[in-house]
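The values are calculated or read from the model by the stated rules, or taken from the named source; none is laboratory data. Please read all numbers here as calculations on a predicted model, not as lab measurements. Neighbour counts run over all protein chains shown; Cβ positions are idealised from the backbone, glycine included.
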Amino acid sequence: MDRNEHLGWLLNDLIYDLVTPSKVVRDYLTGSDVDPRSGLFFGILRMSKISAILSLTKLHDVLKDYGREIRDYPESIRSQVKLFRKFAEEKDLVRIRNKFIAHNFDDFESSSYAEGDKLLTALFGDTLAEHLVFFEWIHPESPETTFEKYHPSYLVTRMRDHAKTLVDMKPRV
């Protein structure tokens, strides 16, 4: 498979991965009878946060691994890629994924629960309202049709759409 086609499919999958956590959190708050103070809602919020972190970090990895291809993308996309890379670095996304989300926490010499809590709070905030702002940033509740504003789900959609202009993305089975 051509690298641009592979990039297109990675981006296509990332659209779902980025949209879903934001939608799940909002849907549970507005369309269900699950009490936001219940253990079930905290579990749903935790699952959505983990999914968002894994998806954002996957986007970070895709941008790194396909940098050569992305260099030829339009400036309007590349400028948002730079914004996202800066965000990923400032929020220490890779460390959050590697030390606190995707692997057992077992290294008490170079990490601590306090550090994990601090990094996660810096990412999501303390309150439910702050969490909702974060999920709105990933994927707005009322998406626009142009996808021009800077939201990770919009960036990935625009990148995927651009990839489709470069290669024929044959359906996968």
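Can you tell me how many residues in segment 128-139 are closer than 14 Å to Y16 by Cα and loosely packed, with under 15 Cβ neighbours inside 10 Å?
Residues meeting the conditions: 0.
Before we move on, is K64 closer than 26 Å to S142 by Cβ and at pLDDT 95 or above?
When the stated conditions are applied, K64 does not pass them.
Among the residues of segment 150-173, how many are polar (S, T, N, Q) and crowded, with 21+ Cβ neighbours inside 10 Å?
1
Yes/no matrix, rows are residues, columns are (1) under 21 Å from K82 (Cα atoms); (2) out of contact with any helix residue (DSSP H, G or I) (no Cβ under 6 Å at 6 or more places or on another chain):
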residue	(1), (2)
Y113	no, yes
L120	no, yes
E136	yes, yes
H139	yes, no
P143	no, yes
K149	yes, yes
S153	yes, no
H162	yes, yes
P171	no, yes
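Do you know which of the residues in segment 17-44 that are in contact with a His (Cβ under 9 Å, 6 or more places away or on another chain) and under 16 Å from E130 (Cα atoms) is surrounded by the fewest Cβ atoms within 10 Å (Cβ to Cβ)?
Only one residue tops the list, namely K23.
When the residues of segment 40-61 are narrowed to those that are out of contact with any Lys or Arg (no Cβ under 9 Å at 6 or more places or on another chain) and among the aliphatic types (A, V, I, L, M), which ends up modelled with the lowest pLDDT?
By that ranking, first place goes to L40.
Of everything in segment 83-100 that's touching a helix residue (DSSP H, G or I) at 6+ places or on another chain (Cβ under 7 Å) and among the hydrophobic types (A, V, I, L, M, F, W, C), which residue is nearest to I138 (Cα to Cα)?
Taking the candidates together, the pick is F84.
Mind checking which residues of segment 74-117 are within 18 Å of S51 (Cα to Cα), surrounded by 10 or more Cβ atoms within 10 Å (Cβ to Cβ) and free of Cβ contacts under 8 Å to residues at least 12 places away in the same chain?
Matches in segment 74-117: F87, N98, H103, F105, D117.
Does segment 151-160 contain at least one residue that is out of contact with any strand residue (DSSP E or B) (no Cβ under 8 Å at 6 or more places or on another chain), charged (D, E, K, R) and within 27 Å of M1 (Cα to Cα)?
Checked against the condition, which is being out of contact with any strand residue (DSSP E or B) (no Cβ under 8 Å at 6 or more places or on another chain), charged (D, E, K, R) and within 27 Å of M1 (Cα to Cα), segment 151-160 yields at least one hit.
Return the residue satisfying two criteria in turn: it lies in segment 67-102 and is of a type in the set (G, A, S) and touching a Leu at 6+ places or on another chain (Cβ under 9 Å), and of such residues it is nearest to L56 (Cα to Cα).
By that ranking, first place goes to A88.
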